[in-house]
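Right, one structure below, let's go through it.
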Amino acid sequence: MPSMRAVLIKDGKGPVENLYIGETAKPTPGPGQLIVKIKAFGLNRMDIIQRAGHYPPPPGASDILGVEFAGTVDALGAGATRYKVGDEVLGLVGGGAYAEYVACAESLVIPKPAHLSWAEAASIPENFLTAFQALILVAALQKGDNVLIHAGASGVGIAAIQLSRVYGAATVTATASSQNKLDALLAMPNGATHVANYKTQDFAEVVKGATGGKGADVVIDFVGQSHWNKNVASMALEGRMTMLGLLSGGEVAKADIAPILFKRLRIQGSTLRSRTLEYQADLVRRFSEEALGKITGGDGDGPLKTYIHKKVYPWTEIQDAQREMQDDKNSGKIIVEVV
């Protein structure tokens, strides 16, 4: 059986020191699938949680880490007709992207825009699709809405800030943990209009000040427990909150749920990795039609930009790359190249 190199986990789970590059079986394409030779892949918080043993991949997905990539088509499965061998693509998978090759449903692959580098292309799938889903599909963002985005300096946060501005948000308040991150979010083209350090400021009060007391029509939250009460306080009449994660935990010891009733709030959880192939394919299609063409690299002048954190890591430094995310040091997307 043909083999390939991949980032594997000693003992199947554990600390970052358990990551290593080793040999494993090369995937073969199933019906409607492609095999992509990976040039670069993106890191996501779920990778760290999975490595620790708390986020198993969905049924049928590879147990190798990684859900997004950019590379060239290497082989076609039965019925896959949209691409040919050698085509440059980016895409989304349930797992397997920390490797030389990955099997991916043809419907979850997008042609790589020629003006983007491999690293820039690999920074798009999970970030922008998650943000697009949370803002447009789930929260139904409308022109003139006021938006609050947590984890503003994360890859998804930066994508959500920009998408909010492109879709006509009146204000975008972003939270982060340091002044350097907040300054960067304000300085971005189509960046945040207001910021709050969630460690030292009451972001609910910042939102009220930014919106003339109205509050946020849309909230995007990754944090959960520690932000719950302030999130509810931040929300405007008929506000919508999309919950994407529970970084601080999922149990709120004391919460006043009355505002959910009298403000007619809508609070919805959302995931992407565990969605059906049909759902993900429709999301990819709509995102490709509405937003992909607006994305440029970091040096471009388009309304949406890719932001890569400080450097692109070779995969021989995968432990350092994951530590950077684990320690919450990144501003922008952490990208790793297969070398």
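The values are calculated or read from the model by the stated rules, or taken from the named source; none is laboratory data. What you see is a predicted model, and the numbers here were worked out from it, not measured in a lab. Cβ sites come from the backbone with ideal geometry, for glycine too, and all protein chains shown count toward neighbours. Areas reflect the complete protein model, heavy atoms only, side chains present, ligands, DNA and RNA absent. Shrake-Rupley method; radii C 1.70, N 1.55, O 1.52, S 1.80 Å.
Quick grid of which residues meet (1) open to solvent by less than 40 Å² (accessible area, probe 1.4 Å); (2) touching a Gly at 6+ places or on another chain (Cβ under 9 Å):
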residue	(1), (2)
Ala210	yes, no
Asp217	yes, yes
Glu238	no, no
Val284	yes, yes
Phe287	yes, no
His309	yes, yes
Tyr313	yes, no
* Can you tell me how many residues in the range 193-221 are over 22 Å from Ser178 (Cβ atoms), out of contact with any strand residue (DSSP E or B) (no Cβ under 6 Å at 6 or more places or on another chain) and part of a loop (DSSP other than H, G, I, E, B)? -> 2
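Select, from Val252, Val172, Val232, the only residue that is outside any loop (DSSP other than H, G, I, E, B) and farther than 27 Å from Gly42 by Cα. Lay out the reasoning, then the answer.
On the way: Val252 fails: outside any loop (DSSP other than H, G, I, E, B); Val172 fails: farther than 27 Å from Gly42 by Cα.
Matching residue, one of Val252, Val172, Val232: Val232.
When you check Lys329 against the structure, is it open to solvent by 50 Å² or more (accessible area, probe 1.4 Å), part of a loop (DSSP other than H, G, I, E, B) and within 21 Å of Lys39 (Cα to Cα), yes or no?
Details: open to solvent by 50 Å² or more (accessible area, probe 1.4 Å): yes; part of a loop (DSSP other than H, G, I, E, B): yes; within 21 Å of Lys39 (Cα to Cα): no.
When the stated conditions are applied, Lys329 does not pass them.
For Gly77, state whether it is at positive phi and modelled with pLDDT of 95 or more. Talk me through it step by step, then tell me what you get.
On the way: at positive phi: no; modelled with pLDDT of 95 or more: yes.
The answer is no for Gly77.
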* Structure fact -> When the range 315-326 is checked residue by residue, the ones that are of a type in the set (Asp, Glu) and either open to solvent by 50 Å² or more (accessible area, probe 1.4 Å) or touching a residue at least 24 places away in the same chain (Cβ under 8 Å) (or both) are Glu317, Asp320
* Structure fact -> Within the range 1-59, the count of residues that are assigned to a helix (DSSP H, G or I), open to solvent by 30 Å² or more (accessible area, probe 1.4 Å) and either in contact (Cβ under 8 Å) with a residue 24 or more places away in the chain or in contact with an Asp or Glu (Cβ under 6 Å, 6 or more places away or on another chain) (or both) comes to 3
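Given the structure, is Ser226 touching a residue at least 12 places away in the same chain (Cβ under 8 Å) and not in a loop (DSSP other than H, G, I, E, B)? Can you show your working first?
On the way: touching a residue at least 12 places away in the same chain (Cβ under 8 Å): yes; not in a loop (DSSP other than H, G, I, E, B): yes.
Against the criterion (touching a residue at least 12 places away in the same chain (Cβ under 8 Å) and not in a loop (DSSP other than H, G, I, E, B)), Ser226 qualifies.
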* To do: Taking Pro189 as meeting all but one of (1) under 18 Å from the mean Cα position of the chain (by Cα); (2) touching a residue at least 60 places away in the same chain (Cβ under 8 Å); (3) surrounded by fewer than 24 Cβ atoms within 10 Å (Cβ to Cβ), write down the number of the exception.
  => (1)
